[in-house]
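Input: a single structure, listed below in structure tokens.
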Amino acid sequence: VQLQASGGGLVQAGGSLRLSCAASGRTFNRYAMAWFRQAPGKERELVTTISWTGATYLADSVKGRFTISRDNAKNTVSLQMSSLKPEDTAVYLCAADPNWSAIVSNTKECDYWGQGTLVTVSS
């Protein structure tokens, strides 16, 4: 599976941004998809993940503000981000793995990663 993320940019605090990740491969609908982020000087963290059946998990820091969705027909996963805060500034990475539970529990590294897309939220 190859992943291509897009949609990052500069936005003011309180604004919205939508990230997309396009996946190649015919087995996309059998993979859980996830968005991670890494801020300067900080460790990478899981933002949100969606199973191939549509179950979702969101980190507490983004609940009520971010929404993950997937379109299995188009092999894409999206991250709608609203009410953005300066602390949301990070490189956002999409990832894929067959095991959604393992992503949620952080018990393994995802099998596939896309390149990052930078989100900068100005105050």
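The values are calculated or read from the model by the stated rules, or taken from the named source; none is laboratory data. Quick caveat, the model's predicted, so the values are computed rather than measured. Reconstructed Cβ throughout: ideal geometry from the backbone, glycine too, with neighbour counts over all protein chains shown. We work out accessible area using only protein heavy atoms, side chains counted, and drop any ligands, DNA or RNA first. Shrake-Rupley method; radii C 1.70, N 1.55, O 1.52, S 1.80 Å.
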Subject >> Counted residues, region 57-70 - those being in a strand (DSSP E or B) and open to solvent by less than 70 Å² (accessible area, probe 1.4 Å) >> reply: 5
Subject >> Any strands (runs of 3 or more DSSP E) falling wholly within region 1-47 and containing at least 2 residues that are within 12 Å of A95 (Cβ to Cβ) >> reply: 3-6, 17-23, 32-38
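Check G54, G9 and return the single one that is loosely packed, with under 15 Cβ neighbours inside 10 Å and in contact (Cβ under 8 Å) with a residue 24 or more places away in the chain. Steps first, answer last, please.
Working: G54 fails: in contact (Cβ under 8 Å) with a residue 24 or more places away in the chain.
Criteria check complete, one pass: G9.
Filter region 64-117 down to residues that are of a type in the set (A, V, I, L, M, F, W, C) and over 12 Å from R18 (Cα atoms), then give me how many there are.
13
Could you please let me know if G41 is exposed (fewer than 12 other Cβ atoms within 10 Å of the Cβ) and out of contact with any strand residue (DSSP E or B) (no Cβ under 9 Å at 6 or more places or on another chain)?
Numbers: exposed (fewer than 12 other Cβ atoms within 10 Å of the Cβ): yes; out of contact with any strand residue (DSSP E or B) (no Cβ under 9 Å at 6 or more places or on another chain): yes.
Criteria met by G41.
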Original post:
Tell me, which residue of region 71-109 that is among the charged types (D, E, K, R) and open to solvent by 60 Å² or more (accessible area, probe 1.4 Å) is farthest from Q12 (Cα to Cα)?
Top reply: K108
Original post:
What number of residues in region 110-123 are assigned to a loop (DSSP other than H, G, I, E, B), open to solvent by 70 Å² or more (accessible area, probe 1.4 Å) and farther than 21 Å from P40 by Cβ?
Top reply: 1
Original post:
Does at least one position in region 79-95 carry a residue that is more than 18 Å from V119 (Cα to Cα) and not in a helix (DSSP H, G or I)?
Top reply: no
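Being at positive phi and either exposed (fewer than 12 other Cβ atoms within 10 Å of the Cβ) or of a type in the set (A, V, I, L, M) (or both) is the filter here; which residues of region 12-38 pass it?
At the first step, the residues of region 12-38 found to be at positive phi are 14, 25.
G14, the sole residue that qualifies.
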Original post:
What residue, of L17, L79, L58, is under 18 Å from S122 (Cα atoms) and modelled with pLDDT of 95 or more?
Top reply: L17
